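Comments concern the structure below.
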Amino acid sequence: MDILQTLKRHFGYDTFRPLQQEIIQDIMDGKDCLVLMPTGGGKSLCYQIPAISLPGTAVIISPLISLMKDQVEMLQANGIAAESLNSTTPKIYQDITHRRCMNGDIKLLYISPERLMAEIDFLSTSAKISLFAIDEAHCISHWGHDFRPEYLQLGLLRERFPKIPIVALTATADKVTRQDIIKQLNLRVDDKRGIYISSFDRPNLSLRVMHGYSKPNKDAFIINYVRQHAEDPGIVYCLSRKSTEELANKLRRQGFAAAPYHAGMTATERDRVQNDFRTDTILVVCATIAFGMGIDKSNIRWIIHYNMPKSMEGFYQEIGRAGRDGMPADTILFYSLLDIVQLSQFIQDSPDEEQRRTNNEKLKRMRQYAEASICRRRILLNYFNELYDKDCHNCDVCHNPPKTFDGTIAAQKALSAAARTYESRSATTLIDILTGKGSDTIRRYGYDHLPTFGKGKEYDDRRWRDFFLQLLQMGYIEIDYAHYHAVKITAYGWEVLRGQRRVQLVENATAEMTPKRRAARQLRLTIPIVQSPGALDAKLYESLKQLRKKISAEMGVPAFVVFNDKVLNALATLKPQTLEAFGNVPGIGEYKRNRYGDAFVKVIQQFVKEHR
């Protein structure tokens, strides 16, 4: 069976997403891979298809027990032999799992990095290993936003299993983190082969930033928002444990199924909250950043950041937990200067000077995102080196755009200054050149003789800083933080410089937003973002949802393990009345067709009969 047949049979899809097929083929050919794909972008299929297709057992290193549980349940629901080994696995089940691996009966074995060392002798002597997949691979890097010391031992895999392919997967990793992952794991990849970076765009996620809200106003907004989305699961990320408890208590007093989650709770309490959230017993979790990475829950419809995250990587990872099924989802970020003060203090408390400097730069970019007056998706994607040169029309800035002007000439002047200094100088020096300042640096290097010297005097330093920031956010320049913050020109930037692309700049992006414009931008958030699914029949959708709930309760698994919301959406739209038509709906594989088809088709047939 080829990989397309495997995809259709087990997962119900006719085609792969971009890059999946190339990655799968590399792994099947015994090659290492580093895979960067957004949350919900299909990373898991990249190792699951080879694991099913190759002889032996694939070992999946995963950081959290709850994440393993979700993945194993979803694979088993598709008729795939998968198990896990972790600290909670009873001895009798450990022995059974070992025997099944020895017999080649398990296709995917999920294991924590902490448990790996205890199992490595067994894996190397008694099991036939097809591949190693390391999920959340950014955890191995000191520069990743979620460094886990336990991941450092994974470098032994190359030494103990030199011929087995290793695939490292993550949703977010900048250039420095990517190189660190490759080094720590001894991956046999380079810039020309084995590194796959998918589009980071999640167009189903709306992006909003709320400025200057006091704590009581934030709480009131969230209560009102949850009331409007009463049946939609969501997460509120908070900076402190105290905030998670206070907000959860306020929501409970309003009658909402909510709970806090933070590191100060016992493991039993945290497990209970995670399980209740997975099964929709709890619909709102107020959590610190420790929550969510271990939740493979496809129907999270909104994410709210009570405080600003410390980095774009962390922010992207957290909002990526919404809308994993591809359905519309809302993301809201509250931002205040108090957040900057608190996060800056956390950074200063770090004993590592280099890490303090790097984290300060990451916080600076996060602040620039929150304060921006250009399309937020452009900023987010360009941060991850994905050139994105159009507005998304699904963020608060696009809904209430600021006044812009044709800034091509100003952009060309800025880019020319960077080019004529061989892309070796910071924006501060380039601004001195443009405004004609005779500083020591300018005179020492003869920059006062450049054709661009003094050619930007029509704007003051503040406006030029604003322009450089916009050029950075729109992907026309990059900042090389490792080499004196030098301004580098991107491919799009060179097109501007050569007159092949025009640039629209915001007239006064750093000016304080007027109360009227802030109100207009934020008023839209009172409109429910998650709308009833497309052209489907809402009554049939609700009937199918109730059937799914009944089946999942009988099986003792979350509802999305049976079918996610997107599949229900398709069923309520297409209304398949035969088992064959049911099996042709995207996302329904052969196993699920045979297991659930009769029950769902019966409900659809009865509905169609009653509503002719």
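The values are calculated or read from the model by the stated rules, or taken from the named source; none is laboratory data. No experiment lies behind these values; they were computed from the predicted model shown. Cβ sites come from the backbone with ideal geometry, for glycine too, and all protein chains shown count toward neighbours. Remember, those area values only see protein heavy atoms, side chains included, never the ligands or the DNA or RNA. Shrake-Rupley method; radii C 1.70, N 1.55, O 1.52, S 1.80 Å.
A few comments on the model shown:
- Gain on full stretching of the segment that runs from Phe122 to Val176 - 0.36 nm per residue minus C-alpha separation: 16.0 nm
- The gain in end-to-end length when the Ser350 to Arg148 segment is fully stretched comes to 71.1 nm, 0.36 nm per residue minus the alpha carbon separation.
- Averaging the Cα positions of each part gives two centres, and for segment 37-112 and segment 389-462 these lie 52 Å apart.
- Kirkwood-based shape ratio for segment 173-229, expressed as Rg/Rh from alpha carbons: 1.29
- Point-charge dipole on Cβ atoms (K/R +1, D/E -1) for the chain, about Cα centre, debye to 20: 1160
- Mean projected area of the convex hull spanned by the Cα atoms of segment 340-473, taken over all viewing directions: 10.1 nm².
- Listed residue (Tyr306, Val284, Ala263) projecting farthest to the positive dipole end of segment 215-325, Cβ model: Tyr306
- Inter-site label distance for Trp494 and Lys609 at 7 Å from Cα along Cβ, in nm: 6.7
- Residues in segment 421-453 reached by a label modelled at Asn360 [backbone nitrogen below 12 Å; 7 Å Cα→Cβ]: none
- Highest-first arrangement of 584-591, 400-407, where packing means the average Cβ count within 10 Å: 584-591, 400-407
- Computed over the chain, the alpha-carbon pair-distance distribution with 20 angstrom bins reads 18, 49, 28, 4, 0, each value a whole percent.
- Principal axis extents of the C-alpha atoms in segment 33-104 (largest first, rounded to whole Å): 37, 27, 24.
- Distances between placed amide hydrogens fall under 5 Å for Val167 paired with Cys33, Phe132, Ala133, Ile134, all partners being 5 or more residues away or on another chain.
- Basic side chains Lys and Arg get +1 at the Cβ, acidic Asp and Glu get -1 at the Cβ, and with that the dipole of segment 361-483 about its Cα centre reaches some 160 debye.
- Maximal additional length on extending the Thr428-Glu542 stretch stands at 35.2 nm, based on 0.36 nm per residue less the C-alpha distance.
- Å² of accessible area per residue within the chain, as computed with a 1.4 Å probe and no ligands counted: 44
- Helix axis angle, 65-77 relative to the chain longest principal axis, alpha carbon, degrees: 50
- Among the chymotrypsin sites (Phe, Trp or Tyr not before Pro) within segment 195-240, not one is in coil by DSSP while having at most 12 neighbouring Cβ atoms inside 10 Å.
- Counting only the Cα atoms, segment 244-355 fills a convex hull of 133 Å³ per residue.
- Between helix 175-185 and the chain: long-axis angle, C-alpha atoms, 0 to 90°, nearest 10: 40
- For segment 1-132, alpha-carbon Rg and Dmax in angstrom: 14.4, 42
- Projected onto its three principal axes, the C-alpha set of segment 327-372 covers 42, 23, 17 Å, listed from the longest axis down.
- Once the Cα atoms are used to define both axes, helix 43-53 deviates from the longest principal axis of the chain by about 40 degrees.
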